[in-house]
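The values are calculated or read from the model by the stated rules, or taken from the named source; none is laboratory data. All values derive from a computational prediction rather than experimental measurement. A quick note on method: Cβ atoms are made from the backbone with ideal geometry, for glycine too, and the neighbour counts reach across all protein chains shown. The protein model used for the area step is the full one, side chains on, heavy atoms only, and it has no ligands, DNA or RNA in it. Shrake-Rupley method; radii C 1.70, N 1.55, O 1.52, S 1.80 Å.
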Amino acid sequence: MPATLDPASLVVEADRARADGEPLAAPGPVFASTYRLAGDIEPAAPGYGRSYNPGWQALEAVLGRLEGGEAVTFASGMAATVAALEPFLAPGDRLVMAGDGYYNTRRFAEAVLARKGIEVRFVATAAMVEADLAGCRLLWLETPSNPGLDCCDLEALAARAHTAGAKVAVDNTTATPLGQTPLALGADLVVSADTKAVAGHSDVLFGHVAAREPADAAAVREWRNLTGAIPGAMATFLVHRGLATLDVRLERMARNADRLARVLAAHPRVEAVRYPGLAGDPSHALAARQMRGFGFLVGVTFVDVAAARAFLDRTALITEATSFGGVHTTAEQRSRWGGDDVPARFVRLSAGIEAGDDLVADVERALA
Ligand SMILES: *Cc1c(COP(=O)(O)O)cnc(C)c1O
């Protein structure tokens, strides 16, 4: 395979490394807890299902190439998140974390890490570039942040963190490896909840960590083996199959997000719209420089809760559901979960792959 393939080709072509006579599709699931294994043991040899599955190897090879590092797959985004935190922090260490990122990650830091004697400091993504990183062991970033869609400068922050002696981990779920490659910008670890756009069909939970340094990847891999947070064979197959269409899905999703953002921003029942693709958005300049495309998430603040409810109740194509990044357009009031600092009239919209004209007509009808 040429070394210089565009990521859009890589997601499709990466399986070509397999042998002649094998199927053209993603490798099928191998359901195995144990493998035939005789005599002395070589560490890399397939032996047991908690440390080896051929499906993981094939998918990790593609994800590693996309990320520019070594990838390790996990049972969920949270399993990947924990594997990028725990092995790199000890009691007494300081963790600086995006204070407006994924709420379950913040809860994990408070409920588990802080109670073990790790000092957790939260900093808003929009203010991260001025964060005090002195004495920091690990800097945890999320850009664009979920659900506020603020961005931070990964290259500048990675340089500052490294000067302070800290490692940098980036939750890249909202961007995906096709939208942004944090390892290339200096991050040490990247985390992805592949449950969202990477798998893309709302039918599987999955995650991965990718590391620039082989030693960090080995620590993450050992963590997976010690904790058993392994992905199942069927889930691995579904994610590998979904990955091939990631680029075409993202293209349509971003185009729909852009159209909906513009329609909603101009609507009298909408107070404000956040979408990094809008020229006036606070994230626009940085996203244009740092990302490939502006993504599929839109943050909508309606004039009141009644307008937010009308949008969720009366649209026919927009399903009220949590999560994001799937082929269906979905939306929800994030406030209903209680973990995000957003008002009840704020709705996070995840644009799907429906025809843009149908989505726009649906929204206009619902808000009329
Ligand atoms: C969903 C999500 C996660 C967690 O992923 P799960 O697969 O639900 O465990 C982590 N980070 C972000 C930004 C997410 O959106």
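If you check Ala193, Ala211, which single one turns out to be buried (at least 24 other Cβ atoms within 10 Å of the Cβ), under 22 Å from Arg292 (Cα atoms), within 16 Å of the ligand (Cβ to nearest atom) and among the small types (Gly, Ala, Ser)? Checking each option against the conditions leaves just Ala193. Looking across Ala75, Ala80, one residue alone is within 11 Å of the ligand (Cβ to nearest atom) and open to solvent by 10 Å² or more (accessible area, probe 1.4 Å). It is Ala75. Report yes if some residue within segment 286-309 is among the charged types (D, E, K, R), more than 19 Å from His201 (Cβ to Cβ), in contact with a helix residue (DSSP H, G or I) (Cβ under 9 Å, 6 or more places away or on another chain) and open to solvent by less than 60 Å² (accessible area, probe 1.4 Å); otherwise report no. No.
The residues of segment 1-56 that are among the small types (Gly, Ala, Ser) and not in a loop (DSSP other than H, G, I, E, B), listed by number, are Ala8, Ser9, Ala14, Ala17, Gly55. In the set Gly69, Gly47, Gly117, Gly92, only one residue is under 18 Å from the mean Cα position of the chain (by Cα) and either crowded, with 19+ Cβ neighbours inside 10 Å or touching a residue at least 12 places away in the same chain (Cβ under 8 Å) (or both); that residue is Gly69.
Summed over segment 99-114, the residues that are open to solvent by less than 10 Å² (accessible area, probe 1.4 Å) and within 10 Å of the ligand (Cβ to nearest atom) give a count of 2.
Taking Gly148 and the conditions (1) more than 14 Å from the chain's Cα centre (by Cα); (2) away from the ligand (no atom under 12 Å from the Cβ), which numbered condition does it fall short on, given that it satisfies the others? It is condition (2) that Gly148 fails. Before we move on, is Val96 away from the ligand (no atom under 16 Å from the Cβ), touching a Phe, Trp or Tyr at 6+ places or on another chain (Cβ under 9 Å) and either within 30 Å of Gln333 (Cβ to Cβ) or assigned by TED's automatic domain parsing to the domain that holds Leu226 (or both)? Yes. Among the residues of segment 221-249, those identified as open to solvent by less than 30 Å² (accessible area, probe 1.4 Å) and of a type in the set (A, V, I, L, M, F, W, C) are Ala229, Ala233, Ala235, Val239, Leu243, Leu246. Look at Phe31 and say whether it is within 17 Å of Val190 (Cα to Cα) and aromatic (Phe, Trp, Tyr). It is false that Phe31 is within 17 Å of Val190 (Cα to Cα) and aromatic (Phe, Trp, Tyr). Can you tell me which residue within segment 316-355, out of those that are within 19 Å of Glu271 (Cα to Cα), out of contact with any Pro (no Cβ under 7 Å at 6 or more places or on another chain) and in contact (Cβ under 8 Å) with a residue 40 or more places away in the chain, is surrounded by the most Cβ atoms within 10 Å (Cβ to Cβ)? Within segment 316-355, the match that is surrounded by the most Cβ atoms within 10 Å (Cβ to Cβ) is Leu349. Is segment 199-218 home to any residue that is farther than 14 Å from Gly77 by Cα, β-branched (Val, Ile, Thr) and part of a loop (DSSP other than H, G, I, E, B)? Checked segment 199-218: no residue is farther than 14 Å from Gly77 by Cα, β-branched (Val, Ile, Thr) and part of a loop (DSSP other than H, G, I, E, B).
Checked against the criteria, Gly64 does not count as buried (at least 17 other Cβ atoms within 10 Å of the Cβ), within 19 Å of Arg241 (Cβ to Cβ), modelled with pLDDT of 90 or more and within 16 Å of the ligand (Cβ to nearest atom). Criterion applied to Ala169, Ala175, Ala134 was being more than 15 Å from the ligand (Cβ to nearest atom), at negative phi and not β-branched (Val, Ile, Thr), and the one residue passing it is Ala134. When Arg255, Arg224 are screened for being assigned to a helix (DSSP H, G or I) and more than 21 Å from Ala71 (Cβ to Cβ), only Arg255 passes.
Which of the following residues is surrounded by 19 or more Cβ atoms within 10 Å (Cβ to Cβ), small (Gly, Ala, Ser) and over 26 Å from Ala321 (Cα atoms): Ala164, Ala158, Ala218? One residue alone meets the criteria, Ala158.
Taking the stated definitions as given, is Leu260 farther than 20 Å from Ala193 by Cα, more than 16 Å from the ligand (Cβ to nearest atom), in contact with a His (Cβ under 8 Å, 6 or more places away or on another chain) and not assigned by TED's automatic domain parsing to the domain that holds Phe206? In short, no. Only a single criterion out of (1) closer than 17 Å to Thr81 by Cα; (2) within 14 Å of the ligand (Cβ to nearest atom) is not satisfied by Ala187, namely (2).
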